[in-house]
Amino acid sequence: MTLNPSSEKPAGVIGAGSFGTAIANIIALNRPVLLYARDAQVAERINRTRENRGQKLHDNVTAINSLEHLAATCDVIFPMVPSQHFRAMMRNLAPHLHPYHILIHGIKGFDIQLPEGETLQSMETLSRARVKTMSEVIREESVVVRIGCLAGPNLARELAQRQPGATVVASHFKEVIQTGKRLLRNDRFQVYENADIVGVEIAGVLKNIIAIASGALSGLGYGENAKGLLISRGAVEMVYLGRALGGDTRAFLGVAGIGDLVTTCNSPMSRNFSVGYRLAKGESLAQILASMEEVAEGVHTVQIAKKCADHYKVRALVTDRLYKVLFDGMTVEEALDFLMRFPLSADIDFI
Amino acid sequence: MEILEEKKNKNRKYTPILNRIREWPVYQLSKNRKEFVEEVAQKSFERMMELRPTRKQLIDELEATVYREQNRIKRNRWRVDPKDESRFWASVKQELVELSASQDETSKKPEELAKRIVQRYAGEIAGNFKPNSYRVTRAIVKFWFTRLLNGARVKKFGAFFRNRYTLRDKIHIVGKVKMLRKLAQQGTVVMVPTHFSNLDSILIGWVIHSLGLPAFIYGAGLNLFNIKIFAYFMNSLGAYKVDRRKKNLPYLETLKMYSNLAIQKGAHSLFFPGGTRSRSGMIEKQLKLGLLSTAIEAQRNLYLENESPDVRKIFIVPVTLNYHFVLEAPDLIEEYLQVKGQDRYFPEQEKYGSFQLIKFLFKFFTKGSSISVSIGAGLDVLGNYVDQNGQSLDASGRVIDPREYFISSGAVTVDKQREDEYTRMLSQKIVHEYHRINRVFASHVAAFVAFEMWQKKHPKLDLFSLLRLPEEELELEYEEFRDTFKRVRKHLYKLKEERKVNHATHLKGEIDLVIKRGLDNVGIFHLKRPLLRNKKGKIVTQDLSTLYYYHNRLVGYDLEPLI
C-alpha cells in the first residue's frame, strides 16, 4: 500500500453506461476517477474522444479496461452495471478485492438465483432466499463488508447537464456514508444519509414498476389526475411489498422512495417510462426491448416483484396487472379497467 | 432402558497443550493481578472520559450511578457485597453535593470520583485464579464423577472404586477438536457456547480440561458467589464476576474493558453470548453484543499497537451443547410462555425441590441419555473461517488479512460505529454456525414431529389455546407419526449434506428403533413425560408445554411444511 492518503487516491466507477458516466463526472469534481468499461475498445474510444453516451467527460476521468488495476488503485469503488450482469461482474472483481475496500453501488434491480432447470417464468413464486439486493450480492461474492448504495431521482441526462439534484447514500456504516458524501457532493448535488440500506435499495427497485405503469397511462393519453392516482397508490404498494422484502417504511417516504418515484413517473426520458408508453401505443414487449440501447430494469423487476408478492401474500394490484400486460397478453386498457373497478377503501393504513 | 451407543466414538484422552499451569495465560494474569486491575481501571477511566467528554455530562453520569447504587443497596443486598459499600457510595454522594455547591468549575474532582469508582469496580470484577485450588477442584470433580459413573453402572460390590467408566463415555465431544487445540496454541480462543441449562458451565469446564486446553476465563454471575463452596470453585477456575444488578455506565465499561484486556493479553475466554439460558428451548437467535464486541475491540487494539504481520490473533469458536433432557425445561418454558403470552397463558404450579435435583443427578449418571458437545470451526473476529494455521479465508478459500477490516485510508483506525456493525455481523455468523453444528437427536425429532402434528390437527388454535387443551385429548396414531418422522428424518439427512445441520449417528438405522430411542429419551427424567406411547400404542403426552420446549430445538430449519 502506498503512503498516499486516500483523499488523493482515485475513486473507481464500474460500468460506462449513461448513469456510470454521469456519476464518474460528478465524482470527478472532487477526485480523479477511473472509469471501467468492459469492452477494451470502448475504453480506448472514451479516452480518445473524451465523450461517452452523449456526455462530455471531465478531465479527471480516465477510462480503463482492467478490474484488477481498478481494485489495486482505488479504495472506493462505485459499481454501476445492470443488475442482470452484476453477480458475474462481482465474481470477476472479487479476487482483487480486500476488506479495506468500500463499495457503493447505484443499481436499481434485483438479483435472482434459480434452482437448476428453472426459469423466471417457470417459478410459481419467489421467496427472499432467491431474490437478493445488490448489497447482498456483494456480501455473498466478496470479502467487502463496507457497502453502500446510491438511490434517488438521478436521471443521467439531467445530472450530465449539472441541473440541481439529490441522492441518498445508504449504508450500515457511517464511514461509508461520509465517504460517499465527500466524493459526490457539490454545489448542484445534495447528498442525504440513510442507515436502512436494504430499504433504500428496494425502494429504488420497486419504483421502476410504477414508472412503467405511469408511461402506460401517458401512452393512453390520460392526464394529471390519473397520474396522481397512480403515484399515490403506487407508493402504498411499494411500502407493502418493500416491507415484505425486509425494508423499513421510512425509506420509502424519502428521496429514494417518493423522490425517485415522482421523478421517473414524470419523465418521458426514463427507459422504464418509455416501455410503458410504447406498450400503451400497441407495441409488443419484444419489439420494444429489441429497440432499446440500455436495459430497462423495470421489466425484470415486474416479474420478480409479482412472484414475491404471491409468495408473501401481499396484495400488489398494479404490479399484478402490469405483469399480465407484459407477459400474459392483457391489454393496457383491460388492466386499467380492472384497477378502476377494484373495491378499495382505506387510503393509508401503514403509518 | 437401553444405553444409546454412538458409533465411531472417537472420544479419547487429549494431552495438555501447555504442560505447566505456570505457563497458562490465566495464571500469568492472576500473578500480576494487581497491575492488571490497575490497568483495567485506568483504561476504563479513559473510556469514560471519551464517552462523557464534558464536565456536566460526567457529573450527570456520576450522579445517576450513585443514585442507582444506593437504590440497589437499599433494595437488593447480597452476601457477597462488600461490607463498606454503603459508606463508599455515601461518601461519593457527599462529595458530589459539595461539588455542586461550590463555584469552582476547574477542580478535577469529577475525574477523581470517576477514577475511584472504576477502580472499585475493577477490583470487584477481577478473578482470582489459584493453581492449587484449580488442581484440587479438578481432582474432586474427576473423582466423584468417576465414582458415580462406576458405582451406578456396574452393579457389583466394589464397582464403586473402579475406573472403568469415565465422563468421556457419557459426554461426546464431536467436531473440530483438533483445530481448536491448534488454534489455542497459535492465538487466543474465545469460546461461545449455546446456553440451555445450568449444567452448561460445569460441562464446558470439563470439556475444556479434557481437551487438554488451559483454563479459560469466563464471566460468572455474582449470585453464584453467594454460595461459599461455589465461590471457591469459581475462583479457582479463573472466573471473573459479573453483577447483573449493576447496569450503570462505569460498571459496564469496566466489565467490557476487563474482558477486552484479558483477551489482548492472551487469556482464552468463554462467553455465553445468549446472555441467559434459552427460555424457549430454541437455539439463540439474538446474542448479547456487549461482551462479543470486546473480542473485536481487542483484536483491533492488537493491530493498532503492532505493525508487524504476526499479530496475535483472536479466534471465535462456536459450540453447541446438545441434550436429550434439560432439567429446568418446564420452568424455563413456563417463564417464556408467561412473558410471551401475557394473560393468555395460565401456568400450572409445580416446582422442583432439591430432592429432584439429587434424583436427577443420580439418574443422569446411571441411565443412558448422552450429552454431546459440538465444537464448531474457528472463525476470526469478523466471522470468516480460519484454516488449521489460523489464517483467515474468504468464501473462495483465498487467504485474507483481518487487519484490513480496520483500515481506513491506509491505516488502522478506531471507529466505534463500524465495530458495532462488525459485532452485529459476527453475532449473525455465530447464530448461523450454531444451526449448522447443532447435533440433532432422535428425541428432538420426536418432540418436533409430535408437537407440529398436534398443531396441524388444530389449525384454528393459536399456540396458547393449543397448550390449554387437556392432554387426554391429544393422541396420535403411531403409523401416522412414524411416516412423518421418516419424512422429517429424510429431510434432515438432506440438510446435513448441504451442511446446514448435523445429527447424531443414532438417528440413522431402523426407523422403529430410532423412534423408540427418541420417545424413551425426550425429557427423560421429567416427572411428567412430554412424550410416550400408551398401552394402546398411541403417541400421547403428559406435558404439552414441555414438549413444546423440546420441539423448539428444531425451529428455524423450515421443517414445518413437511408435517
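Bear in mind that the values in this text are calculations on the coordinates, not laboratory data. Predicted model only: the values in this text are computed from it and were never measured. Cβ placement follows ideal geometry from the backbone for every residue including glycine, while neighbour counts extend to all protein chains displayed.
Details
- Look at B:Glu480, B:Glu61, B:Glu297, B:Glu39 and count the other Cβ atoms within 10 Å of each Cβ; fewest to most, that gives B:Glu480, B:Glu39, B:Glu61, B:Glu297.
- Between helix B:199-210 and chain B: long-axis angle, C-alpha atoms, 0 to 90°, nearest 10: 80 degrees
- Each other residue within a Cβ distance under 13 Å of B:Lys265 adds +1 if Lys or Arg and -1 if Asp or Glu, for a net charge of +1.
- Computed over chain B, relative contact order equals 17 percent, with contacts defined as Cα pairs under 8 Å that lie 6+ residues apart.
- As a length-normalised measure over Cα pairs under 8 Å and 6 or more apart, the relative contact order of the range A:199-341 settles at 33 percent.
- Ordering of A:102-113, B:118-129 by packing [mean C-beta count within 10 Å, highest first]: A:102-113, B:118-129
- Between helix B:109-125 and chain B: long-axis angle, C-alpha atoms, 0 to 90°, nearest 10: 30 degrees
- Peptide-level mean, for A:138-146, of C-beta atoms on other protein chains within 10 Å: 4
- Separation between Cα centres of the range B:451-466 and the range B:548-563, rounded to whole Å: 13 Å
- Only Lys, Arg (+1) and Asp, Glu (-1) charged, at Cβ; chain B dipole about Cα centre in debye: 2520 debye
- Charge tally around A:Pro82: other residues with Cβ under 9 Å, Lys/Arg +1 each, Asp/Glu -1 each, net -2.
- Shielding by other protein chains, B:403-409, mean Cβ within 10 Å: 6
- With Cα atoms, 0 to 90° folded angle of helix B:354-366 axis to chain B main axis: 60 degrees
- Computed packing ranks the peptides B:321-329, B:499-507 as B:321-329, B:499-507, most packed first, by mean other Cβ atoms within 10 Å.
- Averaging the Cα positions of each part gives two centres, and for the range A:141-210 and the range B:259-304 these lie 34 Å apart.
- A:Glu140 paired with B:Thr413, simple spin-label distance in nm, labels 7 Å along Cα-to-beta-carbon: 3.1 nm
- Distance between modelled label sites at B:His491 and A:Leu289, nm, 7 Å Cα→Cβ extension: 3.5 nm
- The share of alpha-carbon pairs in the range B:439-562 lying farther apart than 22 Å comes to 29%.
- Test item: A:175-184 mean partner chain Cβ contacts at 10 Å: 1
- For chain B, calculated [θ]222 nm from helices alone, where every DSSP H run of n ≥ 4 adds -39500 (n - 2.57): -16000 deg cm²/dmol
- A Förster radius of 56 Å combined with the Cβ-Cβ distance from B:Asn32 to B:Ser396 puts the calculated FRET efficiency at roughly 0.80.
- Charge sum, other residues only, whose C-beta stays under 15 Å from A:Ser291's C-beta, Lys/Arg counted +1 and Asp/Glu -1: 0
- Distant-in-sequence amide H partners of A:Gly148 (H built 1.01 Å from N, under 5 Å): A:Leu103, A:Ile104, A:His105
- Sorting B:Met179, A:Met134, A:Met90 from the fewest to the most surrounding beta carbons within 10 angstrom yields B:Met179, A:Met90, A:Met134.
- D_trans [Stokes-Einstein, Kirkwood Rh over alpha-carbon pairs] for chain B, 4 °C, 1.567 mPa s, µm² s⁻¹: 50 µm²/s
- Chain A - mean residue ellipticity at 222 nm from DSSP helices (-39,500 (n - 2.57) per run, n ≥ 4, rounded to 500): -14500 deg cm²/dmol
- Given A:Lys207/A:Lys306; B:Lys34/B:Lys108; B:Lys43/B:Lys256; B:Lys285/B:Lys528, the pairs whose alpha carbons are separated by over 21 Å: B:Lys34/B:Lys108; B:Lys285/B:Lys528
- The residue among A:Gly228, A:Met330, A:Val314 whose Cα reaches farthest toward the positive pole of the charge dipole of the range A:199-341, with charges on the beta-carbon of Lys, Arg, Asp and Glu, is A:Val314.
- Neighbour-count order for B:Phe216, B:Phe481, fewest beta carbons within 10 angstrom listed first: B:Phe481, B:Phe216
- In the calculated pair-distance distribution of the protein assembly as shown, the portion above 47 angstrom amounts to 38 percent of the Cα-Cα pairs.
- Counting DSSP beta bridges with both ends in the protein assembly as shown, the antiparallel % (nearest 5): 35 percent
- Bridge type composition, chain B - antiparallel percent by DSSP, nearest 5: 40 percent
- GluC sites (Glu not before Pro) lying in DSSP loop within the range A:107-165, provided at most 10 other Cβ fall within 10 Å: A:Glu116, A:Glu124
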